[in-house]
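A quick write-up on the structure given underneath.
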């Protein structure tokens, strides 16, 4: 797969799964066993249901979350995405009741793409910065 | 060596020579004078501000070490990114208002770089696991109490 094809798979995954949350398309973009190593969470997020729960929790707290790809770099079988996700904190998040505040969550994620499917992701999201914006 | 190989080598040196060894000459060699270092909680404007941060963190965190490998580095002509592991044997002075815990710390993080046409770093945006860091130095309570 070319670098452009790998980037296209990542963009399609972000749009379908992370933004539109159409999990019927999860197998289209991810290989069996796909997991996300989320440094802030002790155990990796493994499979469709675990990611679905995470995204429901996030959009539950920030219903208008606008997850955007703001930069991207790819080499070989890896694609790195810089995300920014502004949203309004309307319901509890990390033990903090909804504040009505606008906050922006930022993150960097490295995806491993094999034969057109995502096999792994290593994610660093700024949870500390997000919580600070809610206080 | 082509530009991509050179950028990969420069990212490796950014962690090995600047962060792990404290070599300020490498900052001058690899970073543009207007280099921007952007953290979750700080935006450092210029090469000298970045040097001060490196010196300060290396004083606060004993044996500060950043590890990355070519497998963890992704580069093109003008952009790059790296996944890394940071460790220190002792948090020995106040950091982000958290007094010395004397604890060892290990966290993961990623940095997204931009290069200029001459191959110098112009920007580095860092995302690291600050919550894990705070847990390890007994600072997590401050986030909710402050």
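Do we find that residue B:121 is under 30 Å from residue B:28 (Cβ atoms), more than 13 Å from every other protein chain (Cβ to nearest Cβ) and touching a helix residue (DSSP H, G or I) at 6+ places or on another chain (Cβ under 8 Å) in this structure? Before you say what the answer is, go through the steps one by one.
Details: under 30 Å from residue B:28 (Cβ atoms): yes; more than 13 Å from every other protein chain (Cβ to nearest Cβ): yes; touching a helix residue (DSSP H, G or I) at 6+ places or on another chain (Cβ under 8 Å): yes.
Considered against the rule, which asks whether it is under 30 Å from residue B:28 (Cβ atoms), more than 13 Å from every other protein chain (Cβ to nearest Cβ) and touching a helix residue (DSSP H, G or I) at 6+ places or on another chain (Cβ under 8 Å), residue B:121 comes out as yes.
Which ones in segment B:123-143 are closer than 19 Å to residue A:42 by Cβ and not in a helix (DSSP H, G or I)?
Selection gives B:127, B:128, B:129, B:137, B:138, B:139.
When residues of segment B:94-118 are filtered for being part of a loop (DSSP other than H, G, I, E, B) and either within 14 Å of chain A (Cβ to nearest Cβ) or surrounded by 15 or more Cβ atoms within 10 Å (Cβ to Cβ) (or both), how many remain? Full working, then the answer.
From segment B:94-118, those part of a loop (DSSP other than H, G, I, E, B) are B:94, B:96-97, B:99-104, B:116-118; that's our starting set.
Still in the running and either within 14 Å of chain A (Cβ to nearest Cβ) or surrounded by 15 or more Cβ atoms within 10 Å (Cβ to Cβ) (or both): B:96-97, B:101, B:104.
Of the residues in segment B:94-118, 4 are part of a loop (DSSP other than H, G, I, E, B) and either within 14 Å of chain A (Cβ to nearest Cβ) or surrounded by 15 or more Cβ atoms within 10 Å (Cβ to Cβ) (or both).
Among residues belonging to segment A:111-122 that are within 14 Å of chain B (Cβ to nearest Cβ) and closer than 19 Å to residue A:55 by Cβ, point out the one that is surrounded by the most Cβ atoms within 10 Å (Cβ to Cβ).
A:111
In segment B:129-142, which residue that is modelled with pLDDT under 90 and either in contact with a helix residue (DSSP H, G or I) (Cβ under 6 Å, 6 or more places away or on another chain) or within 8 Å of another protein chain (Cβ to nearest Cβ) (or both) is farthest from residue B:33 (Cα to Cα)? Steps first, answer last, please.
Taking segment B:129-142 first, the residues modelled with pLDDT under 90 are B:129-132, B:139-142.
Going one step further and asking which of them are either in contact with a helix residue (DSSP H, G or I) (Cβ under 6 Å, 6 or more places away or on another chain) or within 8 Å of another protein chain (Cβ to nearest Cβ) (or both), we end up with B:129-132, B:140.
Details: B:129: 28, B:130: 28, B:131: 31, B:132: 32, B:140: 35 Å.
Only one residue fits best here, namely B:140.
Anything in segment B:58-82 that is surrounded by 15 or more Cβ atoms within 10 Å (Cβ to Cβ), within 12 Å of another protein chain (Cβ to nearest Cβ) and in a loop (DSSP other than H, G, I, E, B)? List them, or say none.
Correct list: B:68, B:76, B:78.
Which residues, counting only those in segment B:83-93, are touching a strand residue (DSSP E or B) at 6+ places or on another chain (Cβ under 8 Å) and more than 9 Å from chain A (Cβ to nearest Cβ)? Steps first, answer last, please.
Filtering segment B:83-93 down to residues touching a strand residue (DSSP E or B) at 6+ places or on another chain (Cβ under 8 Å) leaves B:83-92.
Matches in segment B:83-93: B:84, B:85, B:86, B:87, B:88, B:89, B:90, B:91, B:92.
Check off (1) in contact with a helix residue (DSSP H, G or I) (Cβ under 9 Å, 6 or more places away or on another chain); (2) within 29 Å of residue B:136 (Cα to Cα); (3) buried (at least 18 other Cβ atoms within 10 Å of the Cβ); (4) within 9 Å of chain B (Cβ to nearest Cβ) for residue A:125 and give me the number that stays unchecked.
Checking residue A:125 against (1) in contact with a helix residue (DSSP H, G or I) (Cβ under 9 Å, 6 or more places away or on another chain); (2) within 29 Å of residue B:136 (Cα to Cα); (3) buried (at least 18 other Cβ atoms within 10 Å of the Cβ); (4) within 9 Å of chain B (Cβ to nearest Cβ), the one that fails is (1).
For every residue, the table says whether it meets (1) part of a strand (DSSP E or B); (2) surrounded by fewer than 17 Cβ atoms within 10 Å (Cβ to Cβ); (3) more than 14 Å from chain A (Cβ to nearest Cβ); (4) free of Cβ contacts under 8 Å to residues at least 24 places away in the same chain.
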site	(1), (2), (3), (4)
B:8	no, no, no, no
B:22	no, yes, yes, no
B:25	no, yes, yes, yes
B:29	no, yes, yes, yes
B:33	yes, yes, yes, yes
B:41	no, yes, no, no
B:56	no, yes, yes, yes
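With the requirement that a residue be within 13 Å of the chain's Cα centre (by Cα) and in contact (Cβ under 8 Å) with a residue 40 or more places away in the chain, what does segment B:82-110 give you?
Result: B:82, B:84, B:86.
Would you tally the residues in segment A:78-97 being touching a helix residue (DSSP H, G or I) at 6+ places or on another chain (Cβ under 7 Å) and either under 30 Å from residue A:113 (Cβ atoms) or touching a residue at least 60 places away in the same chain (Cβ under 8 Å) (or both)?
2
The values are calculated or read from the model by the stated rules, or taken from the named source; none is laboratory data. These figures come from a predicted structure and were not determined experimentally. Here the Cβ is made from the backbone with ideal geometry for all residues, glycine too, and neighbour counts use every protein chain on show.
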